[in-house]
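Structure first, commentary second.
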Amino acid sequence: MSAFPERAQIVIVGLGGIVGASIAHHLIERGWTDVVGIDKSGIPTDIGSTAHASDFCYTTSHDYLSVWTTQYSIDFFEKMGHYARVGGLEVARTGDDAWMEEIRRKVTSGKAFGTNVRHVTPAEIKALFPLIEEDQVQGGMFDPDAGLVIPRSQTVAGKLVDEAEKTGKLKSFANTPAQSLVVEDGRISGVVTHRGTIRADHVIICAGLWGRLIAEMVGEDLPVMPVDHPLTFFGPFNAFEGTGKDIGYPLLRDQGNSAYMRDTGDPKTAEGGQIEWGYYEPNHPRMCHPRDLQEKHEARLSPSQRDLEMEQIIEPLERAMELTPILGELGYNEGHSFNGLLQVSAAGGASCGESQKVRGLWYCIAIWVKDGPGYGKLIADWITDGRTEIDHASIDYARFYPHQLSEGFIEGRCYEAAQKIYFPAIHPREPYATGRNIKRSPFHAREVELGGHFMELGGWERAHGYAANEPLLEKYGDRVPMRENEWDSRHFWRVSNAEHLAMSEDCGLINLSHFYMFEVEGPDHVALMEWLCAARIGGDGNIGKGIYTHFLDDEGMVRADLTVFRMADRCRVIDGADAGPRDYHYVKRVARDKGFDVTVTDVSEAFITIGIWGPNARANLKQAVSDPDALDPENFPFAALRQIEIAGRKVMALRLSYVGEQGWELHMAYEDGLAVWDALRALGVTAVGVETYANSRRLEKSLRLQNADLLTQYNLYEADLARPKVKEADFRGKARHLEYRARVHQPAMLCTLVMTDNVDASGTARYPVGTLPVIDPETGKTLVDALGRLSYTTSIAYGPTIGKNIALAYLPHEHAEVGRKLNVEYFSQTFPVEVAAVGYAPLYDPQNLKPRS
């Protein structure tokens with residue numbers, strides 16, 4: 001072993017697992033020349049999840065990022081000669097129609113995201129997997145690209161480290177745990193070990209189950225927890241004796257039973273001659289905090305392998321024997337069976353990216369083997385370029401609010417996640433049961449009295465509709481369809497569409513308490529915002545205006561979508577709840593990196609916002625303000641920001657509309673919110689749920705949503721949000737932005753689609769939720785643009801004013817034509833759509849006259 005170095009460009013804590021080893025490989029590939037990796041045990045790991053992982057890979061997911069990382073990883077493993085592409089089955093049992101529907105949804109998502117998954121019949125399932133009872137299944141799907149990392153991901157990790165060391169650009173040190181992290185002036189500067197302290201410019205934590213303990217060293221936490229995963233083995237199974245194979249049959253998932261199984265190949269291979277059956281506990285998953293993990297010398301097997309009690313699995317195992325009787329015929333290998341610890345997330349995704357508190361400290365935690373090399377590439381690109389080729393908002397550690405990093409919140413949400421690893425299917429609008437009522441508007445009690453149907457975003461309780469408004473269905477019922485399909489109607493309240501229509505005829509109040517706000521002040525506040533924003537921020541003429549704008553990354557792609565209040569002494573950024581924390585940390589980082597003299601302060605909970613919109617918004621608001629004439633159009637132009645007074649409270653009013661109607665966003669101190677709400681409600685203004693704002697009217701107005709329609713895979717011109725003129729001042733991404741502007745046409749455009757027929761094969765009208773592939777009717781294939789980007793719906797909702805399902809999707813240039821007939825697929829059924837608009841072109845009030853009235 002070489003001498004322990006005193007300095008490195010990058011230190012990887014947790015080199016021995018597949019994630020750490022993959023990061024080291026990709027860093028060197030990107031040109032880093034001085035990387036040091038340490039691990040608390042062996043390299044490759046003999047105690048982490050990689051050491052016991054089942055090592056199989058399926059490409060199917062309802063999340064594009066997950067599909068992308070898995071597809072990349074499969075190709076990576078295969079190029080190394082360590083992948084058996086045997087395919088993978090997933091079955092629905094006879095009588096389990098609900099899971100058959102989920103399989104149809106998975107095949108549809110597979111088409112959207114570029115997989116090769118297909119439906120299979122019971123006879124095809126039997127032919128592919130002879131151990132199954134054909135009469136026990138009604139159908140399933142087959143993923144031909146699924147398979148197994150061979151002989152083990154542990155072996156691959158070791159090989160990656162060996163190859164990296166041979167380049168002279170990586171030094172590895174096993175049995176070298178990180179004892180503490182050195183932080184100087186808010187930046188990482190080193191790692192302390194028993195071998196000595198190594199100084200570094202960057203430190204990447206990929207310590208798996210132990211990641212939270214490392215984060216605690218700098219006063220942070222990660223929203224992940226280990227959970228027991230029962231792994232059992234049965235044998236001897238000699239069907240593949242003499243073949244030399246690590247696996248013979250395809251993988252089999254029986255997710256309706258929350259289980260899977262596979263053979264382990266030739267008895268002469270490392271773990272061969274057995275059947276492995278694994279299970280995820282959907283009712284009472286067994287969690288543990290990393291601080292309770294045993295040390296290596298204390299564990300019977302290893303710290304990540306805990307003893308298994310047969311009582312944990314006896315019921316699902318008996319059901320498994322009905323499907324595959326061989327499990328009851330072979331002997332149970334009790335000594336080989338165990339509970340393998342793996343990580344689940346409190347936030348539906350991994351924790352990756354730079355620390356919120358310490359610059360240069362990076363995390364890559366809660367990654368499964370199937371995604372390891374993909375995340376290795378993402379982290380290496382991110383740390384090298386500041387961006388990744390695929391949008392990473394859903395995994396960025398900067399996305400978390402402080403309350404989401406509290407221990408109680410993490411435990412509750414992780415428990416829920418552990419209950420749904422395999423079963424049941426997770427609805428796109430699925431709410432959490434824990435971690436609720438953390439943030440409530442000052443008028444929350446009023447909303448409860450109205451029978452609010454609450455969902456949560458960013459900790460805020462938001463009513464999507466109000467039971468008190470159900471009489472509106474008597475007036476608008478013929479325009480608000482019943483959603484007969486349970487999946488389509490789940491977590492949706494029909495009254496919200498009636499509220500939508502009522503607002504357009506009169507006036508409505510919408511609780512916008514979820515807005516994330518931060519202020520930028522100091523000598524350089526205008527200069528910083530000018531550099532960050534694509535729109536012009538500077539100049540005295542912009543003082544007193546609300547400026548809709550975007551942050552671009554260095555490639556000119558859309559990183560953020562927000563509004564800037566330009567005030568005399570500061571800028572207040574009004575952002576969405578989903579994107580706000582990331583943008584806040586990003587602004588702070590840019591300010592520090594570029595030397596801007598500013599202070600950036602989160603004021604989200606200091607202010608509250610109420611929207612008042614509709615053709616009678618001005619008339620109603622005039623009755624509540626101290627100076628009614630100030631609201632006249634000549635005194636209060638569109639997009640202007642003015643201070644008004646309601647119920648004796650100072651209110652900052654922005655004349656802007658996200659719902660396509662006349663009206664204002666009203667911003668006020670949190671403690672003034674109740675008085676303002678009551679004053680407006682006393683005028684008879686209807687409370688309207690946020691469903692209208694976030695979905696139904698947004699789609700009728702063709703308005704884009706960050707992290708859904710606006711992604712770092714697309715530029716502002718493709719989203720059709722670029723301003724007519726590019727400002728003179730320099731801004732991040734300007735050079736690339738000008739290049740895109742000079743194109744004859746963009747490779748793709750964000751288009752508005754309408755479903756021209758939404759009735760399925762059973763005669764039921766459908767109202768889709770989730771992601772649908774956009775398909776060429778002539779070829780039956782998902783559309784792909786010249787840059788290889790797939791076409792799928794980025795937003796979809798029923799528009800009650802238009803009377804149709806409306807979707808947004810990026811279409812290749814050659815298909816982006818108004819009137820073009822295309823198809824979408826939903827639960828494996830095809831529905832016709834038509835391109836109603838190319839780029840930004842509202843279906844409701846196309847000339848945008850109503851907001852300016």
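Quick notes on this structure:
- Residue-span extension gain [ASN175 to GLU241] - 0.36 nm each, minus C-alpha spacing: 20.0 nm
- Here each label is just a point 7 Å from Cα along the line to Cβ, and for PHE638 and ARG723 those points are 1.7 nm apart.
- Residue-wise HN-Hα coupling along the stretch 121-129, computed from phi with Karplus coefficients 6.51, -1.76, 1.60 (Hz; x: Gly, Pro): 8, x, 5, 5, 4, 4, 5, 7, 9
- C-alpha long axis of helix 18-29 to longest principal axis of the chain, angle in °: 70
- Separation of alpha-carbon centers, the stretch 352-384 and the stretch 385-420, rounded to whole Å: 13
- One Cα centroid belongs to the stretch 74-106, the other to the stretch 595-609; the line between them spans 46 Å.
- Simple label model, 7 Å out from Cα along Cβ direction - LEU473 to GLU817, nm: 4.3
- Under 12 Å, Cβ to Cβ, from ILE275 - net charge with Lys/Arg +1 and Asp/Glu -1: -3
- Inter-site label distance for ASN116 and MET321 at 7 Å from Cα along Cβ, in nm: 3.8
- Annotation: peptides 601-609, 549-557, 201-209, ranked by per-residue average of other Cβ atoms within 10 Å with the highest first, follow the order 201-209, 549-557, 601-609.
- For the peptides 448-455, 371-378, 101-108, residues were scored by their other Cβ atoms within 10 Å and the scores averaged per peptide; the highest-first order is 371-378, 101-108, 448-455.
- Between the labelled values [x] 13, 38, 32, 14, 3, 0; [y] 14, 46, 33, 7, 0; [z] 12, 30, 25, 17, 12, 4, 0, 0, the entry that holds P(r) over Cα pairs in 20 Å bins from 0, in percent as derived from this structure is [y].
- Cα shape, the stretch 580-634, gyration tensor, a/c 1.5 rule: prolate
- Estimated FRET transfer efficiency when R0 is 51 angstrom, pair HIS403-LYS79 (beta carbons, to 0.05): 0.75
- Between the helical axis of 407-419 and the longest alpha-carbon principal axis of the chain there is an angle of about 70 degrees.
- Under 5 Å between amide hydrogens, built in the peptide plane, is the criterion, and for TYR83 it picks out ILE150 among residues at least 5 positions away or on other chains.
- Between the stretch 116-182 and the stretch 2-52, the alpha-carbon centres lie 20 Å apart.
- Cysteines in the chain lacking a second Cys C-beta under 4.7 Å: CYS57, CYS288, CYS352, CYS414, CYS507, CYS533, CYS571, CYS751
- Subtracting the Cα-Cα distance of GLU329 and ASP506 from their residue separation scaled by 0.36 nm leaves 56.7 nm.
- Cα-based shape type of the stretch 402-446, given that a ≥ b ≥ c are square roots of the gyration tensor eigenvalues and the cut on a/c is 1.5: oblate
- Given LYS650/LYS850; LYS159/LYS268; LYS79/LYS169; LYS245/LYS370, the pairs whose alpha carbons are separated by over 24 Å: LYS650/LYS850
- Between the Cα long axis of helix 372-385 and the first principal axis of the chain there is an angle of about 50°, rounded to the nearest 10.
- For ARG93, the residues whose amide H sits under 5 Å from its own are GLN138, ignoring neighbours fewer than 5 places away on the same chain, with H placed 1.01 Å from N.
- In order through the stretch 685-690: 3J(HN,Hα) via Karplus (6.51 cos²θ - 1.76 cosθ + 1.60), integer Hz, x for Gly, Pro: 6, 6, 6, 10, x, 6
- The chain: calculated mean residue ellipticity at 222 nm from DSSP helix runs of at least 4, using -39500 (n - 2.57): -6500 deg cm²/dmol
- Annotation: peptides 154-163, 133-142, 306-315, 619-628, ranked by per-residue average of other Cβ atoms within 10 Å with the highest first, follow the order 154-163, 133-142, 619-628, 306-315.
Read the figures in this text as sums done on the coordinates, not as results from a lab. Since this is a predicted model, take the numbers as computed values, not measurements. Virtual Cβ from ideal backbone geometry, glycine too; neighbours counted across all protein chains shown.
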